[in-house]
Amino acid sequence: MLLKDKVCLITGAASARGIGKATAKLFAHHGGRVVILDLDAGQAEAAAADIGHGHLGLACNVTDKAACKAAADEVIARLGRIDVLINNAGITQPLKIMEIEAANYDAVTDVNLRGTLYMSQAVIPQMRAQQSGAIVCMSSVSAQRGGGIFGGPHYSAAKGGVLGLSKAMARELGPDGVRVNSVTPGLIQTDITGGKLTPELKVEIAKGIPLARLGVADDVANACLFLASDLSSYITGAVIDVNGGMLIH
């Protein structure tokens, strides 16, 4: 029970085959009180109910600072504390550099980067008051290698920003007992990638991965569990690659 009685917020976690939902299930299995945050209240509540009794589902648009604060305030009012935040909410667009318009840039950077900032700002005061907490930020191998299989350059830029933000928060919040780390998934089979991955493409991509397979959501969830739990109590500002060796650096 690595997360026994810990209150764990996970953004963008209502999607059935997503990394967030897999992380929520794993955290609940390890004793965590899970709060699923997503755009649609009904979907968030349904996802929380699917995990089991005692978990919460709340509506939250991570690009809205007031909404992030309201969600954090409600969690504190109902559960008394916040121990873990997984900044999972994100979107991607498969565009080339000259295809990126202002609306594309704003949409991708707002959810991936601004959302990470706003949700972190919402939980930091409570974590500081507790003198404890763990924040995990979801970046991507795309930030490290300058593009992935599906994400455009603006996605790489946003996820690169997440890495920088996470490290800066780790440096600032360390004296308060709050740890901040990042996870950089490779190509993971989720709802986002599901419709684009043909059997032939999967085989072709796997040829370039030393572990010879594509990742699944549970692979990333396991890394998040490590960073959220006391197993990583002396780790902050770190980046954990979950890519099967797609990028070794």
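No lab work stands behind these numbers, since they all come straight from the coordinates. In this text the structure is predicted, and so the values were computed from the model without any measurement. Here the Cβ positions follow ideal geometry from the backbone for every residue, glycine too, while neighbour counts run over all protein chains shown.
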For the residues His29, His55, what sequence is obtained by ranking on other C-beta atoms within 10 Å, fewest first?
-> His29, His55
Given the stretch 173-249 reduced to its alpha-carbon atoms as identical point scatterers, what log10 I(q)/I(0) does the Debye formula return at q = 0.13, 0.14, 0.21 Å⁻¹?
-> -0.48, -0.54, -0.93
Pop the C-beta distance of Ala70 and Ala16 into the FRET formula with R0 = 41 Å and round what comes out to the nearest 0.05.
-> 0.95
Would you calculate the separation in nanometres between label points at His53 and Gln189, each defined as 7 Å from the Cα along the Cα-to-beta-carbon direction?
-> 3.5
Between Arg128 and Ile248, what length in nm is gained on full extension when 0.36 nm per residue of separation is reduced by their alpha carbon distance?
-> 39.7 nm
Pairs Lys21/Lys69; Lys21/Lys65; Lys25/Lys96; Lys167/Lys202; Lys6/Lys69: which are spaced more than 27 Å apart, C-alpha to C-alpha?
-> Lys25/Lys96; Lys167/Lys202
For the stretch 128-142, Karplus couplings with θ = phi - 60° (6.51, -1.76, 1.60), whole Hz, Gly/Pro x | 5, 5, 7, 6, 6, x, 9, 10, 10, 10, 8, 9, 6, 4, 4
For the stretch 1-65, just the Cα atoms, rotate onto the principal axes and tell me the three extents in Å, largest first.
-> 33, 23, 20
Hey, rough spin-label estimate for Arg171 and Arg78, points 7 angstrom out along Cα→Cβ, what's it come to in nanometres?
-> 3.7
Any idea which of Gly237, Pro185, Ile91 is furthest toward the positive side of the dipole for the chain, if Lys and Arg beta-carbons carry +1 and Asp and Glu beta-carbons -1?
-> Gly237
Phi-based couplings in Hz for the stretch 162-167 (Karplus 6.51, -1.76, 1.60; Gly and Pro marked x) | 4, 4, x, 4, 4, 5
Would you work out which of Gly161, Ile76, Phe150 lies farthest towards the positive end of the dipole of the chain, given +1 charges on the beta-carbon of Lys and Arg and -1 on that of Asp and Glu, about the Cα centre?
-> Gly161
Which residues qualify? For Leu85, with a placed amide H closer than 5 Å and at least 5 residues away or on another chain, they are Leu9, Ala134, Ile135, Val136
Charge dipole (debye, nearest 20) of the chain; +1 at Cβ of Lys and Arg, -1 at Cβ of Asp and Glu = 460
Once fully extended, how much extra length lies between Lys207 and Asp40, figured as 0.36 nm per residue of separation less the alpha-carbon to alpha-carbon distance?
-> 56.3 nm
Amide H to amide H under 5 Å from Lys6: which residues, 5+ apart in sequence or cross-chain, H placed 1.01 Å off N in plane?
-> Arg33
Using θ = phi - 60° and Karplus 6.51 cos²θ - 1.76 cosθ + 1.60, couplings along the stretch 199-205 (whole Hz; Gly, Pro as x) = x, 5, 5, 4, 5, 5, 5
Regarding the stretch 7-241, what whole-number volume in Å³ per residue does the convex hull of its Cα atoms give?
-> 121
Amide H contacts of Val242 (H built 1.01 Å from N, under 5 Å, at least 5 apart or other chain) | Thr184, Gly186
Taking the Cα atoms of the stretch 44-140 alone, what are Rg (to one decimal) and Dmax (as a whole number) in Å?
-> 15.3, 48
About its Cα centre, how strong a charge dipole does the stretch 1-131 have in debye, to the nearest 20, once Lys and Arg get +1 and Asp and Glu get -1 at the Cβ?
-> 520
For the stretch 7-241, what relative contact order do you get, as a whole percent, if you take Cα pairs closer than 8 Å and at least 6 residues apart?
-> 20
Note down the relative contact order for the stretch 77-192 as a percent, whole number, built from C-alpha pairs under 8 angstrom at least six residues apart.
-> 32
FRET efficiency, 1/(1 + (r/R0)^6) with R0 35 Å, evaluated for Asn104 and Thr198 via beta carbons | 0.90
Express in whole angstrom the spacing between the alpha-carbon centres of the stretch 120-160 and the stretch 5-52.
-> 18
